[in-house]
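One structure is given below, encoded as structure tokens.
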Amino acid sequence: MQNFIEGFKRHSLGYTLLFILLILPIITQNRVLLSVMVMCVLYSYLALSWNLIGGYGGQFSLAHGAFFGLGAYTTGILFTKFGITPWVGLLIGGFIAAILGYIIGNLTFSFGLKGFFFLLVTLAITQFFMEVSKNIDFIGGPRGLWLPAKIGWYYFQFRGRIEYYYIIFAFMLIAIIITYLIEKSKLGYYLVAIREDEDAAEACGVDSKKCKTLTFALSGFLTGIGGGYYIQLFFFIDPFSAFSIHLNIYIVLMVIVGGTGTIGGPIIGAFFFVILSELLRFIPMQSQLLAAITKSIFAIALILVAIYFNKGIISLRYIAKYLK
Amino acid sequence: MAILEIHEVSKTFGGLVAVNDVSFSVNKGEIFGIIGPNGAGKTTLFNTIGGFYGPDRGSIKFNGKEISNLKPHEVCKRGIVRTFQICKPFPSLTVEENILVGACHRNPTLKRAKRDAEKIIELVGLKEKKGICGSDLSTPDKKLLEVARALASRPQLMLLDESAAGLNSTEVIKFMDFIKGIAEEKQLTILLVEHVLQVVMNLCERIMVLDYGKKLAEGSPTELAKNPEVISAYLGKEYGKNA
């Protein structure tokens, strides 16, 4: 009990923000704000999922576009062609993504593919799925897949944003808990050791291939579920939005700017980027220069983070403590 | 009783034969040194024993069982642990957490691994520094941490790769006593690669000399000090002639 109270005090800001997020739909009925919040939480969830292998594990994966798309298409196909409820479709999509993650992990990590080469191989995999899915008519080809509108919990489709919000909020909580459990477990220490010095980790008895593959599969599983949620949110998916390298990179940026290898970092990064991009829409485009600068805000943010706080925005928390 | 048997091990990289038909054995409980000029193949030999490379030819037996086909973490689990020439602490983990990583695979739960790590921190004398991050340690402390992390894996055989490098003469003596103490207390066999002859001559019971990947000589420190081939390899042929 004592530990719980101490932990609560240490992370009181985080708990407070979570609480605010929890009661948000009760405080405000603004549909636009709620839509933005749904996107914030969705990206937080996706960022947290990538962070497991990318942040803690240090393996920069661009295969998460593949995981995302597999989850989206699986959920969509199982429902439109077989009538299976998306709740089950989500899980199956997640498992298929996990299997892909396991296979890629075994192949790449057996050959000791690291760093840049790992990044290239994972990029190729996402690209592969995009190209292939363009040519499969069963799943809609380049025109994509539309969900028939059927409102209800069984169909995982809702008119308003409140249900969507609480569902993705619950997913994000699960991702937070999983991250926390891993961070405090043997696997968490192994991942950090592998990230910092794989040879030294191996010399200490850490089976780096097993750890990386397992985490990669888990990360894929969660991301696949995220993809399934996405298709239910937008009623539509196509090869470009499903197997999107752009989305993958966007998520990576969120984690880096927010802070890799932490729980708060991915969430901060996601909120930062989504809110920023929403605010940018309201800037009057009178001055072309101003417009250009604001559009490049993401690049500027990344450069600032890289130069001044490469541990991410979350590292400001330590500076605050230090200044006290 | 031989704990490690190296039999006709060779390792080639492209055209370079780094280790050439080397055979020797290390007895349980002894401190065995490997010396030789730079480029003699000492670190390659260590990497091969440790599982980072597989030998192109030959066999490596530990406690009678072949280990040449094992990966580094498997070699570690069998009871051989290796430190690195250039210290490799995990930079963003604390001293305590560094040692914990080594202790994890020997303990079923994280809690017990933490207890193990605590004991080793005490043994090694890093208690006041246990909260310091790996990247902020001084060089002698980094070396202590390397050894501590290795000890956490509960090895039977420890491979020390130029552990005394970069230490001044006082620190070398302290380090030597420390290694000797640890070896006795934990009943370790130690195989060390060294350039600092003070360490080799005073600590090792038996020594092997490598030169250009080949075994040049093997024997006690005093025997080797008189061996003309060893002297020429180290100091040049003129000195060897006069021995």
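Here, each number is a calculation from the coordinates, and none is a lab measurement. It should be emphasised that the depicted structure is a prediction, and the values quoted were computed from it without experimental measurement. Cβ coordinates were reconstructed from backbone atoms using ideal geometry, including for glycine residues, and neighbour counts include every protein chain displayed.
Relative to the longest principal axis of the C-alpha atoms of chain B, give the angle of the C-alpha long axis of helix B:139-152, reported between 0 and 90° and rounded to the nearest 10°.
80
I'd like the distance between the alpha-carbon centres of the range B:83-144 and the range B:5-22, rounded to an integer number of Å.
33
May I ask you to list the aspartates and glutamates whose Cα is less than 18 Å away from that of A:Lys134, ignoring any residue fewer than eight positions away on the same chain?
Hits, sequence-local ones excluded: A:Asp238.
Which percentage, to the nearest 5, of the DSSP beta bridges contained in the protein assembly as shown is antiparallel? Intermediate results must be reported in sequence, preceding the final value.
On the way: 24 of 40 bridges.
Antiparallel bridges: around 60 percent, rounded to the nearest 5.
Given labels modelled 7 Å from the Cα in the Cβ direction, how far is it in nm from A:Asn106 to B:Lys119?
Placing both labels 7 Å beyond Cα along the Cβ direction yields 3.8 nm.
Given the C-alpha centroids of the range A:185-218 and the range A:36-107, what is the distance between them in whole angstrom?
The range A:185-218 and the range A:36-107 have Cα centres spaced 22 Å from each other.
So which chymotrypsin sites (Phe, Trp or Tyr not before Pro) in the range B:170-215 end up in coil per DSSP with only 15 or fewer other C-beta atoms within 10 Å?
B:Tyr212
Straight distance only, please: which aspartates and glutamates reach the Cα of B:Lys180 with their own Cα at less than 12 Å, same-chain residues fewer than 8 apart left out?
B:Glu30, B:Glu205
Fewest Cβ neighbours within 10 Å first, please rank A:Asp199, A:Asp207 accordingly.
Going from sparsest to densest Cβ surroundings: A:Asp199, A:Asp207.
What are the membrane-span-like helices in chain A by this rule: whole DSSP H runs, Cα extent along the axis at least 18 Å, mean Kyte-Doolittle hydropathy at least 1.0?
Numbers: long enough: A:12-27 (22 Å, 2.42); A:31-51 (29 Å, 1.43); A:64-82 (26 Å, 0.78); A:86-110 (35 Å, 1.61); A:115-134 (29 Å, 1.43); A:162-183 (31 Å, 1.90); A:208-234 (39 Å, 0.50); A:245-258 (19 Å, 2.26); A:264-280 (24 Å, 1.89).
Those that clear 18 Å and a mean of 1.0 are A:12-27, A:31-51, A:86-110, A:115-134, A:162-183, A:245-258, A:264-280.
Given the pairs B:Lys11/B:Lys142; B:Lys119/B:Lys142; B:Lys119/B:Lys186; A:Lys186/B:Lys119; B:Lys28/B:Lys65, which span a C-alpha to C-alpha distance of over 24 angstrom in this model?
Over 24 Å Cα-Cα: B:Lys11/B:Lys142.
To the nearest 500 deg cm²/dmol, what mean residue ellipticity at 222 nm is calculated for the protein assembly as shown from DSSP H runs of n ≥ 4 alone, each contributing -39,500 (n - 2.57), summed and divided by the residues?
Counting only the DSSP helices, I get -19000 deg cm²/dmol.
Between A:Phe234 and B:Lys65, with labels modelled 7 Å along Cα→Cβ, what's the label distance in nm to one decimal, could you check?
Roughly 5.3 nm, to one decimal.
Give me B:Cys133, B:Cys87 sorted ascending by neighbouring Cβ count inside 10 Å, so fewest comes first.
B:Cys133, B:Cys87
When you take every Cα atom in the range A:144-237, what is the radius of gyration, and what is Dmax, the widest Cα pair distance, in Å?
Values for the range A:144-237 (Cα only, Rg and Dmax): 18.5, 56 Å.
Out of B:Gly36, B:Gly50, B:Gly219, any idea which swings most in a Gaussian network model of chain B, alpha carbons joined below 10 Å?
In this elastic network of chain B, the residue with the biggest mean-square fluctuation among B:Gly36, B:Gly50, B:Gly219 is B:Gly219.
What pairs in A:Lys212/B:Lys71; B:Lys42/B:Lys88; B:Lys61/B:Lys214; A:Lys184/B:Lys71 have C-alpha atoms more than 23 Å from each other?
From A:Lys212/B:Lys71; B:Lys42/B:Lys88; B:Lys61/B:Lys214; A:Lys184/B:Lys71, over 23 Å: A:Lys184/B:Lys71.
Rounded, prolate or oblate: which fits the range A:27-104 when a ≥ b ≥ c are the square roots of the eigenvalues of the alpha-carbon gyration tensor, with rounded for a/c under 1.5 and prolate only if a/b beats b/c?
oblate
Nearest 10 degrees, 0 to 90: what angle lies between the long axis of helix B:169-185 and the longest principal axis of chain B (Cα atoms)?
70
Just from the alpha-carbon atoms, what are the Rg and Dmax of the range A:12-322 in angstroms?
Spelled out, the Cα radius of gyration and Dmax of the range A:12-322 are 19.4, 61 Å.
Using only the Cα atoms of chain B, what semi-axes does the equivalent ellipsoid have when each is the square root of 5 times a gyration tensor eigenvalue? Give whole Å, largest first. Kindly include the intermediate steps, with their values, before the conclusion.
Numbers: eigenvalues 188, 89, 49 Å².
The equivalent ellipsoid of chain B has semi-axes of 31, 21, 16 Å.
Kindly give Rg over Rh for the protein assembly as shown, based on alpha-carbon atoms, with the Kirkwood expression for the hydrodynamic radius.
1.07
How about the range B:43-119: which chymotrypsin sites (Phe, Trp or Tyr not before Pro) there are in a DSSP loop, with at most 13 other Cβ atoms within 10 Å of their Cβ?
Numbers: sites: B:Phe46, B:Phe52, B:Tyr53, B:Phe62, B:Phe84; in loops: B:Phe52, B:Tyr53, B:Phe84.
Answer in residue order: no site qualifies.
Which percent, to the nearest 5, of DSSP beta bridges fully inside chain B are antiparallel? Can you show the working numbers first?
On the way: 21 of 37 bridges.
Around 55 percent of the beta bridges assigned by DSSP in chain B are antiparallel ones.
Going by how many other Cβ atoms sit within 10 Å of their own, how do B:Lys214, A:Lys150 line up, fewest first? Show your work: numbers first, answer last.
Details: B:Lys214 16, A:Lys150 10.
So the residues, fewest neighbours to most, are A:Lys150, B:Lys214.
Starting from the 7 Å offset along Cα-to-Cβ, what nm value, one decimal, do you get for the label separation of B:Ser138 and A:Lys150?
Computed distance between label sites B:Ser138 and A:Lys150 equals 7.3 nm.
Only loop residues by DSSP count here, and only those with at most 12 other Cβ atoms within 10 Å; note down the chymotrypsin sites (Phe, Trp or Tyr not before Pro) in the range A:139-171 that meet that.
Passing sites in the range A:139-171 are A:Trp153, A:Tyr154.
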